[in-house]
Ligand code: C2E
Ligand code: CA
Ligand code: CA
C-alpha cells in the first residue's frame, strides 16, 4: 500500500520505484544534454496584429534525446530547475538565441528583438549576468535587442541577488518583461519599484475573450495598468480572429500565438518574414 508513514516517509511500492527510476533517467540524460548538443530552439513570432509585421520573436527550447524522444519544456524545465542544470541550459539558450538573431540580421531579416525565457534559479545565480554579457559580446548585438522574460516569482521573492541582476541587466540595456502576467499574485507593488519594460498578458485570460466577462475584465484591467505605467503590452496565445479584434480594440497591438504562427525553426521564420513579408 502507498501509505505515508508517521515519520513522513513513504512505503516502497513498485509504482513509486518506477516513477523514481524515470525521474532518475530523465535527470541523468538532462545532465549531459548540453554537452551532447541535444537542445534546439524554435522561435515564435511576435507580430503587429494590425499589419502582421514581425516585431520580435520568443525563443522556445526543445530537447531531442535518443532514448527519451522529443520533449517540450514542460517535461524537463522543472527538473532542470531543481537539479541546477537550468543554469548551464540557460547559458546555452542565451548564446544560441543571440547567435541566431545575428545570423538572421546578416541574412537581411529586419528584426531587432529576441526574447529569452529565464527561470527563477537563473536569476539567483551570478552566471546569468556573465552569460548575458558573453552572449551579447560574441554575437555583437547591442543589449536593447535582447529581452528577458521571467515570472512573477522572481519579483515576489525579491532576493538581493535578483535586485542586483536587474540593475546589471538594465545597465547593459537589456529589456525585462514579466511572463504569464496576471496568473500570479496581486502584489503589484513591484511594478513601481523595479525597472520593468513590458507585460505579457497570460494566455489563460486570452482564451476566454471576447465571450467570457471576467476574462474581458482582467484583460481590460491589465491593459489599464500597463498604460498608466507606460509599459509595453504583448498578448500571448492569440488563437483566433475574434481574440485579435478584441485585443486591437482594447489598444493592445502586439500579439503572439497560433493565429500568426507557432514556434518556427529559424529557416522557416526567415522564409516567412523576409523582406517585410507578413504571411
Ligand atoms: P511560455 O514562456 O509562456 O511560452 C509560451 C508557450 O505557449 C509555448 O509553449 C508556446 O508554444 C505556447 N503557445 C504559443 N502560442 C500559443 C497559442 O496560441 N495557444 C496555445 N495554447 N499555446 C501557445 P512551450 O514552447 O511548450 O513552452 C512552455 C514553457 O516552457 C514556456 O511557457 C516557458 O515558461 C518554458 N520555456 C520555454 N523555453 C524555455 C527556455 O529556454 N528557458 C526556460 N527557463 N524556460 C523555457
Ligand atoms: Ca515566455
Ligand atoms: Ca508566457
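Using a 7 Å offset from the Cα along the Cα-to-Cβ direction at both residue 168 and residue 70, what is the distance between the two label points in nm, to one decimal?
Result: 3.6 nm between the two label points.
If neighbour count is taken as other Cβ atoms inside 10 Å, put 35, 273 in order from fewest to most. Walk me through the intermediate numbers first.
Numbers: 35 9, 273 23.
Ranking 35, 273 by Cβ neighbours within 10 Å, fewest first, gives 35, 273.
Kirkwood hydrodynamic radius, the range 135-279, all distinct C-alpha pairs: what's the number in Å? Spell out each step's value before the answer.
Values: mean 1/r = 0.0598 Å⁻¹.
It works out to 16.7 Å.
Give the percent of DSSP beta bridges with both residues in the chain that are antiparallel, rounded to the nearest 5. If you can, show how the numbers build up before the last one.
Working: 16 of 36 bridges.
Percent antiparallel among DSSP bridges in the chain is about 45.
Okay, which of the range 217-232 sit inside 13 Å, backbone N to the point 7 Å along the Cα-Cβ direction of residue 249?
Zone members listed by number: 217, 220.
To the nearest 0.05, how large is the calculated FRET efficiency for residue 242 and residue 144 if R₀ is 35 Å and r is the Cβ-Cβ distance? It would help to have the intermediate numbers written out before the result.
Values: r = 34 Å, r/R0 = 0.97.
Efficiency computed from Cβ-Cβ geometry: 0.55.
Evaluate the Debye formula for the chain with equal point scatterers sitting on the alpha carbons, no solvent, and hand back log10 of I(q)/I(0) at q = 0.11, 0.12, 0.16 Å⁻¹, in q order, two decimals.
Here the Debye-derived log intensity ratios amount to -0.70, -0.82, -1.32.
What's the angle, to the nearest 10 degrees (0 to 90), between helix 160-171's Cα axis and the longest principal axis of the chain?
30
Find how much the distance from residue 153 to residue 105 grows on full extension, using 0.36 nm per residue of separation minus their present alpha carbon separation; answer in nm with one decimal. Present the calculation step by step, with values, prior to reporting the outcome.
Details: separation 48, 0.36 × 48 = 17.28 nm, distance 3.36 nm.
Using 0.36 nm per residue and subtracting the Cα-Cα distance, I get 13.9 nm.
Could you tell me the calculated FRET efficiency between residue 258 and residue 220, based on Cβ-Cβ distance and R0 = 30 angstrom, to the nearest 0.05?
On the way: r = 23 Å, r/R0 = 0.78.
The value I calculate is 0.80.
Average the reciprocal distances over every distinct pair of alpha-carbons in the range 52-135, invert the result, and give the Kirkwood radius in Å. Kindly include the intermediate steps, with their values, before the conclusion.
Numbers: mean 1/r = 0.0709 Å⁻¹.
Roughly 14.1 Å, rounded to one decimal.
Can you give the extra length, in nm with one decimal, that the chain gains between residue 133 and residue 227 once fully stretched, where that is 0.36 nm per residue apart less the Cα-Cα distance? The partial results should precede the final answer.
Working: separation 94, 0.36 × 94 = 33.84 nm, distance 3.09 nm.
So the extension gain works out to 30.8 nm.
If one computes the Cα centroid of the range 34-113 and of the range 220-277, what distance in Å separates the two points?
Rounded to whole Å, the Cα centres lie 18 Å apart.
Could you work out [θ]222 nm for the chain from helices alone, using -39500 (n - 2.57) per DSSP H run of at least four and dividing by all its residues? Round to the nearest 500 deg cm²/dmol. Working shown, then result.
Working: 12 runs with 128 residues, N = 279.
So the helix-based figure for the chain works out to -14000 deg cm²/dmol.
Distances longer than 20 Å among the Cα atoms of the range 1-149: what percent of all pairs is that? Intermediate results must be reported in sequence, preceding the final value.
On the way: 6253 of 11026 pairs.
The answer is 57 percent, as a whole percent.
Report the extension gain between residue 161 and residue 275 in nm, rounded to one decimal, defined as 0.36 nm multiplied by the number of residues separating them, less their alpha carbon distance.
Answer, rounded to one decimal: 36.8 nm.
Which whole-number percent is the relative contact order of the range 161-279 (Cα, under 8 Å, 6+ apart)? Provide the component values of the computation, followed by the final result.
Values: 136 pairs, mean separation 22.7, N = 119.
It comes to 19 percent, rounded to a whole number.
Please give the per residue volume of the convex hull enclosing the alpha carbon atoms of the range 64-103, rounded to a whole number of Å³. Before the final figure, lay out the partial values.
Numbers: hull volume 3.3 nm³, N = 40.
Dividing the Cα hull volume of the range 64-103 by its residues yields 83 Å³.
Exposure proxy check: 57, 13 ranked by fewest other beta carbons within 10 Å? Please report the intermediate quantities before stating the final value.
Details: 57 30, 13 12.
Exposure proxy ranking, most exposed first: 13, 57.
Rule-based calculations on the coordinates, nothing more; no lab input. Because the structure is predicted, anything quoted here is derived from the model rather than measured. Counting neighbours? That spans all protein chains shown, and the Cβs are built from the backbone with ideal geometry, glycine included.
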